[in-house]
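For reference, the structure discussed in these notes is given below.
The values are calculated or read from the model by the stated rules, or taken from the named source; none is laboratory data. No experiment lies behind these values; they were computed from the predicted model shown. Here the Cβ is made from the backbone with ideal geometry for all residues, glycine too, and neighbour counts use every protein chain on show. Just so you know, the surface numbers come from the protein's heavy atoms only, side chains and all, with ligands and any DNA or RNA stripped out. Shrake-Rupley method; radii C 1.70, N 1.55, O 1.52, S 1.80 Å.
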Amino acid sequence: MNILVPLNSAEHLKDYMDCGTREFYIGFYDKAWTENFGEYADINRLTGFKESANPNNLDEMIKVIETIKELDGIVFVTFNSSSYNEQQLEFIRSYFKQLAKTSVDGVIVSCIELVDIAVEEGLYASISTISGIYNSDMARFYYEHGASRIILPRDLSLDEIERIKKNVPQPEYEVFLMRNGCTFSDSNCLGLHRRELNSFCSCLLGSKNEFVKPIEEFELRHQMELNNILYNQYYHNMACGMCAIYRLLNMGISACKIVGRSDDWGYICADIKAINENIQIATDCKTEEEYKKRMVFPDNSRDICKLGLSCYYPEARF
């Protein structure tokens, strides 16, 4: 099971690879795109964070791709905005034509139209979580249209992941494992990720919450306020799926994903080391129970391992 890591530039590429990964995803910005479609049209899910998440233009990113390939790495480019119009889809085709001339391993796309265009241009298509592959029929649909890898939503249970993998075994499957969980479903979210506001959902969750009508009954008010605090402040806060590694390996999952294209590289390195160590432990274990006794916890486990609220797969925690 490969560890898929966000990469902004080649500066820390060697650090990441020394920690135990060789698979990366990367985005780029393009002034021509903004000039054509406006400030709020996204190439990928983090276009709104501009250079903090996508520091390279297309030409610079292609150089990073070649550097990754020279080091025997694997790299995907993100085109996973929530929506594109017909003009934008054709504009992306021009990007695909340029990428097809490089050694890139594939593109991460968010809609069936981009799967079709990727296949037409000779690119490996990885279907993003934005498409919401929540069942076997959807997985089969995208696979039959040419998607070679399917990134499953972060809110699926391990049983649901296993069922999809068993019913549609042909494509590779990728799952979320570390960092930057989300309260909502990616595929059903129309919010924008913007640098100036962090993200639409974060602003809503961070705002002051008031009851429409005052609630005088203390016990009811206390329960509602506590529930609000738990799910606004602790739910999927720096999410983690370490406890599920044994089951994911035995399912034959191809890649586990670390989220965070704008996160500090040092934290990403720590995650890579811990995941890699746990993969090795899980490989040596005969049972899931043995793995859970031997596994390495993340450095911030004191903060995130409470009540299962930050677990990607809470059913796997002990």
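Worth a mention:
- Of the set (1) in contact (Cβ under 8 Å) with a residue 24 or more places away in the chain; (2) under 23 Å from Val5 (Cβ atoms), all apply to Asp264 but (1).
- Within region 225-245, being of a type in the set (D, E, K, R) and either modelled with pLDDT of 85 or more or open to solvent by less than 70 Å² (accessible area, probe 1.4 Å) (or both) holds for no residue.
- Residue that is farthest from Cys269 (Cα to Cα) [pool: residues in region 12-26 that are surrounded by fewer than 21 Cβ atoms within 10 Å (Cβ to Cβ) and without any contact (Cβ under 8 Å) to a residue 60 or more places away in the chain]: Arg22
- Glu35 being at pLDDT 90 or above, open to solvent by 70 Å² or more (accessible area, probe 1.4 Å) and out of contact with any His (no Cβ under 9 Å at 6 or more places or on another chain): yes
- The sole residue among Lys306, Lys257 that is modelled with pLDDT under 85 and either open to solvent by less than 30 Å² (accessible area, probe 1.4 Å) or not polar (S, T, N, Q) (or both) is Lys306.
- Taking region 38-49 as the range and being open to solvent by less than 40 Å² (accessible area, probe 1.4 Å) and part of a loop (DSSP other than H, G, I, E, B) as the test, the residues that pass are Gly38, Ala41, Asp42, Ile43, Asn44, Arg45, Leu46, Thr47, Phe49.
- Of all residues in region 225-240, one or more are acidic (Asp, Glu), over 19 Å from Phe318 (Cβ atoms) and more than 19 Å from the chain's Cα centre (by Cα).
- Candidate set from region 1-11 (those that are among the hydrophobic types (A, V, I, L, M, F, W, C) and under 14 Å from Glu66 (Cα atoms)); member that is surrounded by the fewest Cβ atoms within 10 Å (Cβ to Cβ): Ala10
- Checked against (1) touching a strand residue (DSSP E or B) at 6+ places or on another chain (Cβ under 9 Å); (2) open to solvent by 50 Å² or more (accessible area, probe 1.4 Å); (3) within 15 Å of Glu121 (Cβ to Cβ), Tyr29 passes all but a single condition, namely (3).
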